[in-house]
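I have placed the structure first, in the form of structure tokens, so that the comments after it can refer back to it.
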Amino acid sequence: MKIGFLSIFGLLAVSLSAQSDVRHSLGLGISRYGMGASFRNDKSIQTFKTASPRPTGFYVDAGNIQHPREVAVVNTVFQNASTYKIDKVNYVWTFRPGLLYTYSLSERTDRRAIGLNFTSGPGVSFAYVWPVYVTILQIDPFGNDYFTNVRYNPDVHKTTEIAGRSGFSEGFSEGQITPGLTWQGGLDFQWSNYRGDVNTLTLGARVEAFPKKLPILHNDRLNKSIFSSFYINFAFGLGN
């Protein structure tokens, strides 16, 4: 499968552990496709020699998907005009629950050592797509002008009459869910000044695929059904 999009996903997470073999992480991140949040629950670690078909935990990710070709503009003709993105006709946010498998490659034997784990996790992805609304200038039959919110259509609405994007929640009830599949995997580097505290730097990749193109842009030839990215994840926490 061709990797169509590459990005860096930066995530700062806080990990809270109830016991040494259970770690929970919650974080916020940013990538080429937008921003997001994630939760990770890793109950145990196994080796490739003793690998079990059972997962060691689970993860839940949520975030938006933006097209790399989105361009934000401001119509300076109007006072107090807000930004909007040319040709962007839909918002997309995804919710990704999945299973987590963790394999130990190099165990941390003391506080000066660096542990190395491989993590992998298949999951499902639910993309919620809803239309973008913009504020435009219109003229009534009596020649009076006024502003109104309408569903954005680049074929109809000229850039000279758009005063900006309407509220983010405008048109939210008109959205639809598109299910898909996702997979992510990477290397965890773990270190700490104390045996119970674990800092983790993860270098990995994610692929997200849908059965049809997500209609982010009005020009459907530019839209994609597969999104892939490299990511970096940093987590720090407290354990026993």
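The values are calculated or read from the model by the stated rules, or taken from the named source; none is laboratory data. None of the values given here were measured: they were computed from a predicted structure. Counting neighbours? That spans all protein chains shown, and the Cβs are built from the backbone with ideal geometry, glycine included.
The residue that is modelled with the highest pLDDT, among those in the range 179-199 that are over 21 Å from PRO55 (Cβ atoms) and surrounded by fewer than 19 Cβ atoms within 10 Å (Cβ to Cβ), is PHE189. Taking (1) in a loop (DSSP other than H, G, I, E, B); (2) within 28 Å of VAL92 (Cβ to Cβ) in turn, TRP183 satisfies each apart from (1).
Scan the range 227-240 for residues that are part of a loop (DSSP other than H, G, I, E, B) and either modelled with pLDDT of 75 or more or surrounded by fewer than 17 Cβ atoms within 10 Å (Cβ to Cβ) (or both) and jot them down. Of everything in the range 227-240, just one residue is part of a loop (DSSP other than H, G, I, E, B) and either modelled with pLDDT of 75 or more or surrounded by fewer than 17 Cβ atoms within 10 Å (Cβ to Cβ) (or both), namely ASN240.
Exactly one residue among PHE142, PHE168, PHE172 is within 21 Å of TRP93 (Cα to Cα) and at pLDDT below 90, and that residue is PHE168. Selection of the range 145-180 for residues being of a type in the set (Gly, Ala, Ser) and part of a loop (DSSP other than H, G, I, E, B) yields SER166, GLY167, SER169, GLY171, GLY175.
Taking the range 1-112 and the strands (runs of 3 or more DSSP E) fully enclosed by it, the elements with 1 or more residues that are surrounded by fewer than 17 Cβ atoms within 10 Å (Cβ to Cβ) and at pLDDT below 80 are at 10-19, 22-31, 34-42.
Here LYS224 meets each of (1) on the phi < 0 side of the Ramachandran plot; (2) surrounded by 15 or more Cβ atoms within 10 Å (Cβ to Cβ); (3) assigned to a strand (DSSP E or B) with one exception, condition (3). Candidates are the residues of the range 120-139 that are at pLDDT below 95 and in contact with an Asp or Glu (Cβ under 6 Å, 6 or more places away or on another chain); the one that is nearest to ARG96 (Cα to Cα) is ILE136. Can you find, within the range 200-212, the residue that is surrounded by the most Cβ atoms within 10 Å (Cβ to Cβ) among those that are of a type outside the set (A, V, I, L, M) and over 17 Å from the mean Cα position of the chain (by Cα)? Only one residue fits best here, namely THR200. Applying the criterion of being part of a strand (DSSP E or B), among the polar types (S, T, N, Q) and more than 30 Å from GLY186 (Cα to Cα) to the residues of the range 118-144, the residue that is farthest from the chain's Cα centre (by Cα) is GLN138.
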